[in-house]
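Notes follow the structure.
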Amino acid sequence: MKFVSTRGRMTPAGFSDVLLDGLASDGGLVVPSEIPAIPAERLEEWRALRYPELALEIIGLYATDIPREDLERIVRAAYSAERFAAPETVPVTDLDERISLVGLSEGPTMAFKDLAMQFLGEVMPYVLQRAGRTLNILGATSGDTGSAAEHAFNGKENIRVFMLSPQGRMSAVQRAQMYSLDDENIHNIAVDGNFDDCQNLVKAINADAEFKASHTIGAVNSINFGRICAQIVYYFWAWLRATDDESRREAPVSFAVPSGNFGNIFAGHLARRMGLPVHRLVLATNENNVLDEFFRTGVYRPRSRELTLATSSPSMDISKASNLERFVRELFGEDAEGFAERWAELDREGVLDLSDQREALEREHGFLSGTSTHWDRVNTIRAEFEANGVIVDPHTADGLAVARRLTDLPGRILVLETAKPEKFRETIEEALGDRTPPLSAELLELLERPQRTVDIENSAEQLRDYIDAACEQ
Ligand SMILES: *Cc1c(COP(=O)(O)O)cnc(C)c1O
């Protein structure tokens, strides 16, 4: 399998190369040069597989430059019982006759990002070791990504993680998950500033080509194809579990996906293109609804940072969906020129008008979309608790709220649970009041652990000095 750039000016490369490089050399995003097709018989054979075995089959279609025995070891370690609370890794639970929850947050940081990051945490050290290289991962986080990355890479030999977070602006659980790690290769850098300041510092370092090269700076953000392909696995898994019962095989199966950067649902789109019989992919946004707007109207209009709202589903607070380029490139098919022209226009004008393709977005590609508000989330959390005794987190509530509105959609809707409610306690308390369950002993213990950060000012100079010194050791 070779990977190419959405912008068409990168020499085709293998999985291991695109894994470490992240962005394509021409500034585009890497995409597989062809989509493997899974015939129905093969899909049926996969029904008997356990989660790590299914991951081996699916990731193996993309990571063809890693020998199968090695990849097997990697996925077994990534999805082992010590790392995921549920024995089946990803439990699928029916809420009622129409809606099921796909439990993607059984991993160490209680959010779906663990499923992709745990794979990177095994495969990246492997690829680096094979190439005799080391890597310094630099990132900025407002919560979920940073903790998932740190829990995936802690203690790994040829990798250091430098994670910038805004001082005092994350939830208590998110802070404890990150700052209590004491492995030497994990550097929690608390910046005196907000999340934008953190991101700007990362950009400043990456713009310094010489520093970037001499310090082998890399990233594990949501555009990394290694993350996308690990996410394809749970769409197949959830579909198989939803149709294990033979009486359910005739009814269509759709997915509802709480979305931000379009990484999660893009993996669902690839699963569908590989032949998984997905009826609809329902994209759910919060009030930051650039993607809902795009799928309803065909017009994509990224917003400025100032127009991005801070909501109660913070991991979906985006102004621009970094993975959308991959999907839009597909809409142009053979017409690479056309894509390049229109994508440049987006940069120039700040808007991409594909309203002529609006119908194809649903009919051909299966996308539906919707927006939920804070009020919808709080009500959904309360209603779901009262009807089914289940507590969902505010992001999952976005997905549920949009799914429940689609009363005409035939068959079953699998709502992806993207985080555990304990991570976002404030909103749960708002919804449930004194019916909110107490924190578990495990979480209380986590919150009590000593925390350690390196505090810096909002200064690229200070950050550079810190990384420099850490790399010397
Ligand atoms: C990252 C995240 C999302 C958004 O996922 P994308 O892949 O960016 O669309 C949704 N919910 C939670 C809890 C997240 O951490």
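Just so it is clear, none of the values below were taken in a lab; they were calculated from the coordinates. Since the model is a prediction, treat every value here as computed from it, not as a measurement. Note that each Cβ is placed from the backbone with ideal geometry, even for glycine, and that neighbours are counted across all protein chains shown.
How would you rank Val123, Val92, going from fewest to most other Cβ atoms within 10 Å of each one's own Cβ? Could the numbers behind the result be given before it?
Numbers: Val123 24, Val92 19.
The order, fewest Cβ neighbours first, is Val92, Val123.
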Exercise for the section: Quote the convex hull volume per residue of the range 357-473, based on C-alpha atoms, as a whole number of Å³. Expected result: 240
Completion exercise
Taking N as the residue count of the range 271-343, its alpha carbon Rg divided by 2.2 N^0.38 Å gives 1.27
Problem - Neighbourhood net charge (12 Å Cβ-Cβ; Lys/Arg +1, Asp/Glu -1) for Glu34 - result: +2
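Give, in nm to one decimal, the length gained when the segment between Ser355 and Asp196 is fully stretched (0.36 nm per residue of separation minus the Cα-Cα distance).
Separation in residues times 0.36 nm, less the Cα-Cα distance, equals 54.1 nm.
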Exercise for the section: Normalising by the residue count of the range 260-398, find the relative contact order in percent from Cα pairs under 8 Å and 6+ residues apart. Expected result: 33
Practice task
Please go through the residue pairs Lys203/Lys423; Lys113/Lys320; Lys156/Lys320; Lys2/Lys320; Lys212/Lys423 and name each one whose alpha carbons sit more than 26 Å apart in this structure.
Solution key: Lys203/Lys423; Lys156/Lys320; Lys2/Lys320; Lys212/Lys423
Fill in the blank from the handout: In units of 2.2 N^0.38 Å, the Cα radius of gyration of the range 208-367 is 1.15
Exercise for the section: Send over the Kirkwood Rh of the range 193-278, from the inverse of the averaged 1/r over different Cα pairs, rounded to one decimal Å. Expected result: 15.8
Handout entry: Euclidean distance of C-alpha centroids, the range 383-433 and the range 200-218, integer Å
Key = 40
Exercise for the section: Using only Cα atoms, locate the centre of the range 305-330 and the centre of the range 109-138, then give the distance between them in Å, rounded to an integer. Expected result: 24
Practice task
Starting from the Kirkwood radius over alpha-carbon pairs of the range 129-249, derive D by Stokes-Einstein at 20 °C in a medium of 1.002 mPa s and give it in µm² s⁻¹.
Solution key: 132
Completion exercise
Proxy exposure order for Ile35, Ile456 (fewest C-beta within 10 Å first) is Ile35, Ile456
Practice task
Going by C-beta contacts inside 10 Å, put Asp21, Asp70 in order with the fewest on the left.
Solution key: Asp70, Asp21
Handout entry: Part-to-part distance (alpha-carbon centres) for the range 249-272 and the range 49-103, which is given in Å
Key = 16
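Restricting to Cα pairs below 8 Å that are 6+ residues apart, what does the relative contact order work out to for the chain? Please round to a whole percent.
Values: 864 pairs, mean separation 85.2, N = 473.
Reported as a whole number, the value is 18 percent.
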Practice task
Would you mind working out the magnitude of the charge dipole of the range 340-473 relative to its Cα centre, with +1 at each Lys and Arg C-beta and -1 at each Asp and Glu C-beta, to the nearest 20 Debye?
Solution key: 660
Completion exercise
Quick calc, the chain, dipole around Cα centre from Cβ unit charges on Lys, Arg (+) and Asp, Glu (-), nearest 20 debye, gives 460
Exercise for the section: Can you check what the net charge comes to around Ala469, using other residues whose Cβ is under 14 Å from the Cβ of Ala469 (Lys, Arg +1; Asp, Glu -1)? Expected result: -3
Exercise for the section: Over all alpha-carbon pairs of the range 43-197, lay out the pair-distance distribution in 10 Å bins, whole %, shortest bin first. Expected result: 10, 34, 33, 18, 5, 0
Handout entry: 11 Å beta-carbon shell around Ala401, net charge (K/R +1, D/E -1)
Key = 0
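What fraction, in whole percent, of alpha-carbon pairs in the chain exceed 41 Å separation?
Distances greater than 41 Å cover 12 percent of the Cα pairs.
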Fill in the blank from the handout: Nearest-0.05 FRET efficiency for Glu341 and Ile35 at R0 = 30 Å, using Cβ-Cβ distance, is 0.75
Practice task
Would you mind calculating the relative contact order of the range 366-473 from Cα pairs under 8 angstrom and at least 6 residues apart, reporting the percent as a whole number?
Solution key: 22
Handout entry: Expected 222 nm ellipticity per residue - DSSP helices of 4 or more, -39500 (n - 2.57), all of the chain, to 500
Key = -13500 deg cm²/dmol
Fill in the blank from the handout: Restricted to the chain, the DSSP antiparallel beta bridge percent, nearest 5, is 20
